[in-house]
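Participant: One structure is given below, represented as structure tokens, and several questions about it will come after.
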Amino acid sequence: MSQSAAPSFALLVRPDGFFKIIDWPAGTGQTLATLRAEIECSTVDVFDATPTLSMWVDDEGLLVESPYENVPAALLLFRYCVPPQRYFGNAVFTGGADENGDTLGLTEGQTLELVGHVLTIHAMAEQSGH
């Protein structure tokens, strides 16, 4: 009996703080299409926060008519590293890459950890009145 692969996920974080867990389309050839659809863009760029955590954003996010800085995503990144720049528009967090360079989804544990951090960010923002 063959074992099916464990489910994997991604996490969408918008500038307004909205977040959504995404089923990651591992092995389907749809990873780029999924990223473009969730980020709402045509070109993506990746920042590898750690070997097992990547953040994908609109490569032209600053060039849109009304760019919105993604402060929640930046605060999430601060849990793992110092972001090298400001990021604009929607962000999608995934796992790192495999030995072939294919983007991995987040494990269930990684997803729960990130969601916990996002909820903490929401609570801090509410306490400060933002």
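Participant: Would the stretch 86-100 turn up any residue that is surrounded by fewer than 20 Cβ atoms within 10 Å (Cβ to Cβ), within 22 Å of ASP16 (Cβ to Cβ), without any contact (Cβ under 8 Å) to a residue 60 or more places away in the chain and not aromatic (Phe, Trp, Tyr)?
Facilitator: So far as the stretch 86-100 goes, yes, one or more of its residues are surrounded by fewer than 20 Cβ atoms within 10 Å (Cβ to Cβ), within 22 Å of ASP16 (Cβ to Cβ), without any contact (Cβ under 8 Å) to a residue 60 or more places away in the chain and not aromatic (Phe, Trp, Tyr).
Participant: Still on this structure, please answer the following. Considering only the stretch 91-103, how many residues are in a loop (DSSP other than H, G, I, E, B) and either at pLDDT 95 or above or in contact with a His (Cβ under 9 Å, 6 or more places away or on another chain) (or both)?
Facilitator: The number of residues fulfilling the criteria is 1.
Participant: Here's another thing I want to ask about it. Test GLY27 against the stated conditions and say whether it is surrounded by 15 or more Cβ atoms within 10 Å (Cβ to Cβ) and out of contact with any Leu (no Cβ under 6 Å at 6 or more places or on another chain).
Facilitator: Here the answer is no, as GLY27 does not meet what is asked.
Participant: A follow-up question, please. In this structure, is PRO51 surrounded by fewer than 20 Cβ atoms within 10 Å (Cβ to Cβ) and under 26 Å from MET124 (Cβ atoms)?
Facilitator: no
Participant: Every residue in the stretch 8-22 that is in contact (Cβ under 8 Å) with a residue 60 or more places away in the chain and either within 17 Å of ASN90 (Cβ to Cβ) or among the hydrophobic types (A, V, I, L, M, F, W, C) (or both), please.
Facilitator: PHE9, ALA10, LEU11, LEU12, VAL13, ARG14, PRO15, GLY17, PHE19, ILE21, ILE22
Participant: For the stretch 38-89, which positions are within 11 Å of the chain's Cα centre (by Cα) and either among the aromatic types (Phe, Trp, Tyr) or in a strand (DSSP E or B) (or both)?
Facilitator: VAL46, PHE47, ASP48, ALA49, LEU53, SER54, MET55, TRP56, VAL57 - these are the residues of the stretch 38-89 that are within 11 Å of the chain's Cα centre (by Cα) and either among the aromatic types (Phe, Trp, Tyr) or in a strand (DSSP E or B) (or both).
Participant: Could you list all residues from the stretch 1-37 that are among the β-branched types (Val, Ile, Thr), closer than 15 Å to LEU104 by Cβ and not in a loop (DSSP other than H, G, I, E, B)?
Facilitator: Passing the criteria: ILE22, THR31, THR34.
Participant: What's the number of the condition ARG86 fails, among (1) within 22 Å of VAL115 (Cβ to Cβ); (2) modelled with pLDDT under 95?
Facilitator: Of everything listed in (1) within 22 Å of VAL115 (Cβ to Cβ); (2) modelled with pLDDT under 95, ARG86 misses just condition (1).
Participant: GLU113 passes all but one of (1) modelled with pLDDT of 90 or more; (2) not in a helix (DSSP H, G or I); (3) not aliphatic (A, V, I, L, M); which number fails?
Facilitator: (2)
The values are calculated or read from the model by the stated rules, or taken from the named source; none is laboratory data. Because the structure is predicted, anything quoted here is derived from the model rather than measured. Glycine gets a Cβ as well: all are built from the backbone with ideal geometry, and neighbour counts include every protein chain shown.
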